[in-house]
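Notes for the one structure printed next.
The values are calculated or read from the model by the stated rules, or taken from the named source; none is laboratory data. Remember, predicted model here, so these are calculated numbers, not experimental data. Here the Cβ positions follow ideal geometry from the backbone for every residue, glycine too, while neighbour counts run over all protein chains shown. All accessible areas refer to the heavy atoms of the entire protein, side chains included, with ligands and DNA or RNA removed. Shrake-Rupley method; radii C 1.70, N 1.55, O 1.52, S 1.80 Å.
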Amino acid sequence: MLKSICTKLIACTLALALVVPAAVAAAEETAAPKQSAAAPSVDLAPSSRSAVLMDADSGTVIFDKNSHDRLPPASITKIMTMLLIMEALDDGRLKLTDKVSASEYASSMGGSQIFLEPGEEMSVDEMIKGIALASGNDASVAMAEKIGGSEAEFVKMMNDKAQQLGMRDTHFANCNGLPVADHYSSAHDIAVMSRELLKHTQITKYTGMYQDYLRKTSEKPFWLVNTNKLVRFYTGADGLKTGFTNEAKFCLSATARRDGLRVIAVVMGEPNTKTRNAEVSSMLDYSFAQYSNYSIFKQGDAIGKVKIEKGAVPELELKATHPYSVLMRKGASKDNIRYELKLNNALKAPIKIGDPIGRIVVYQGEQQLSEFEVQAPVSVAKAGWWTMFKRTCGGLFG
C-alpha cells in the first residue's frame with residue numbers, strides 16, 4: 001500500500017516537472033468564404049462613388065458598387081473608435097461611469113465637437129453620446145487617450161483591429177476622420193467594422209438616439225442632435241455614423257432592423273445629405289422587400305463547450321453573444337438547414353476575449369450557406385503551477 005502511494009507521488013512529481021510554459025502561437029484567422037446574394041438589376045445608389053449593402057448577421061453582400069475603392073471615410077472613422085471603446089467596456093478595462101479628462105490636445109480639435117474645455121471631465125457614457133450623436137472630434141481624442149494613453153497608440157490599436165477583421169482597404173491615421181494623409185477606407189471595410197460594432201448590442205442605445213443633452217446640470221446644457229436623421233425618419237433605423245469633409249463628400253454607414261432582419265447600408269462620396277439619405281433608404285427598402293433571415297442562434301443561446309489547455313479554467317461554455325442567422329430570399333425553401341461547430345485544435349491559454357477559437361458552418365443539405373467565426377467570450381489566463389499540480393495529481397489519483 002505504502003509502496004503504491006509512493007509510486008504515485010513520484011509519478012505526480014515527475015508530471016509536474018514536465019509542466020513548462022508553452023509558447024503562445026499567433027492565431028491566424030481563417031477568412032470565411034465571401035457570401036453574396038443575387039445582385040439587384042438596378043443601381044441602388046447611382047449618385048455615390050462607392051456603396052455596399054450587407055446582411056449584418058451573416059455578412060452576405062446584397063448590393064455592391066466599387067465597394068473596395070479606397071476613399072477618405074471622414075467621420076465614419078469613428079465606428080472603429082466606438083468599437084474599441086465597446087471592447088474595453090466588455091473586458092473590464094473601462095466602465096461607463098469612469099471619468100475622462102480632456103487634454104489640451106483633445107480640446108483643440110476642430111470640426112464637429114462637443115466643445116470640451118481643457119481639464120473638463122465627462123463620464124465614458126457621456127463621451128460615447130458625444131461621439132455617436134454629435135460626431136465629436138474632441139470626445140473621440142479624449143477617449144483615445146483614455147484607452148491608449150495617446151492618440152498615436154490608440155490609432156495603432158485601430159489598425160491592428162482592422163487587420164484582425166481582414167480590412168485590407170483601410171489605414172487609419174487618426175481616431176476621428178479629420179483630413180490627413182494616408183487615412184482611407186472602403187465601403188466594404190466600413191460595413192465589416194459596422195457589423196463588428198453591432199455585435200456589441202448596447203451601442204444602438206447611443207447610435208439610435210435622436211437627441212439628448214450633455215452638461216445637463218450646468219447653466220448651459222449642450223443639446224445633442226443625431227447627425228444621422230434616418231434614426232428619426234426611417235422605421236427600424238438605429239445607427240450608425242455619418243461623415244463629411246470636402247474631400248470625402250457625404251458618407252453614411254446606416255443600419256436598420258425589421259422582423260428580425262438587420263442590414264447595413266454604406267455609401268461614400270454622395271453629393272449632399274438629401275441624396276445620401278434617399279439612396280440609403282432605397283437600399284434598406286430593397287433588402288427588407290426581398291429578403292428574410294433564418295435564425296441559427298438567438299443571443300444568449302448555448303453553442304457548445306471548448307477545452308482550454310493549461311487554462312486557469314479548463315473549459316469554456318460558449319454562448320451566442322449576438323444573433324446568428326442566414327440570409328434567404330423571401331419564399332425560398334428553408335428545409336434541411338443544419339450547422340456544425342468546428343473548434344480550433346489545441347486551444348492553449350492565455351486566450352484574450354475576442355480571440356478566434358472556431359467557427360460555425362451552416363449548410364442546406366450538402367451546400368454551405370454561411371460561416372461564422374466564434375470568438376472567446378472571456379479572457380482565460382494561464383493556470384499557475386499549483387493549479388496545474390492539483391489538476392495533474394487529481395488526474396493521476398482519479
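Here are a few things to note about the model shown:
- Remark: the chain carries 47 Å² of accessible area per residue (probe radius 1.4 Å; ligands, DNA and RNA excluded).
- Test item: Cα-centred dipole of region 185-277, Lys/Arg +1 and Asp/Glu -1 on Cβ, debye: 240 debye
- Residues GLU371, GLU145 ordered from highest to lowest accessible area at a 1.4 Å probe: GLU145, GLU371.
- Between 0 and 90°, nearest 10: helix 385-397 axis offset from the chain longest Cα axis: 50 degrees
- Folded to 0 to 90 degrees: helix 151-164 orientation relative to the chain principal axis, Cα: 70 degrees
- A protection proxy built from the mean count of other Cβ atoms within 10 Å ranks the segments 336-347, 320-331, most packed first, as 320-331, 336-347.
- Charge dipole of region 147-255 about the Cα centre (unit charges at C-beta), most positive-ward option of GLY243, SER186, GLN163: GLY243
- Only the Cβ atoms of Lys and Arg (+1) and of Asp and Glu (-1) were treated as charged; on that basis the dipole of the chain about its Cα centre amounts to roughly 1140 debye.
- Accessible area of the chain belonging to carbon and sulfur atoms, whole % at 1.4 Å probe: 53 percent
- Relative contact order computed over region 250-304 (Cα-Cα under 8 Å; 6+ residues apart), in percent: 31 percent
- With each label modelled as a point 7 angstrom along the Cα→C-beta vector, the GLN202-LYS307 pair spans 3.5 nm.
- Label-point separation in nm, TRP385 to ARG232, each point 7 Å along Cα→Cβ: 6.5 nm
- Modelled FRET efficiency - R0 56 Å, SER101 with ASP259, Cβ distances, 0.05 increments: 0.80
- Cα gyration tensor, region 110-267 - rounded (a/c under 1.5), prolate or oblate: oblate
- Estimated 222 nm signal from helices in the chain, with DSSP H stretches of n ≥ 4 weighted -39500 (n - 2.57), rounded to 500: -9000 deg cm²/dmol
- Relative contact order (percent, whole number), region 287-398, Cα cutoff 8 Å, 6+ residue spacing: 25 percent
- With contacts taken as Cα pairs under 8 Å and at least 6 residues apart, the chain reaches a relative contact order of 17 percent.
- Rounded to the nearest 10 Å², the accessible area of LYS95 at probe 1.4 Å: 120 Å²
- Helix 187-198 axis, angle to the chain major axis (alpha carbon atoms, nearest 10°): 60 degrees
- Pairs of alpha carbons in the chain separated by more than 32 Å make up 41% of all such pairs.
- Computed from label points 7 Å out along Cα-Cβ, the spacing between VAL378 and LYS274 is 5.5 nm.
- Pairs beyond 21 Å (Cα-Cα), from LYS161/LYS305; LYS95/LYS352; LYS99/LYS352: LYS161/LYS305; LYS99/LYS352
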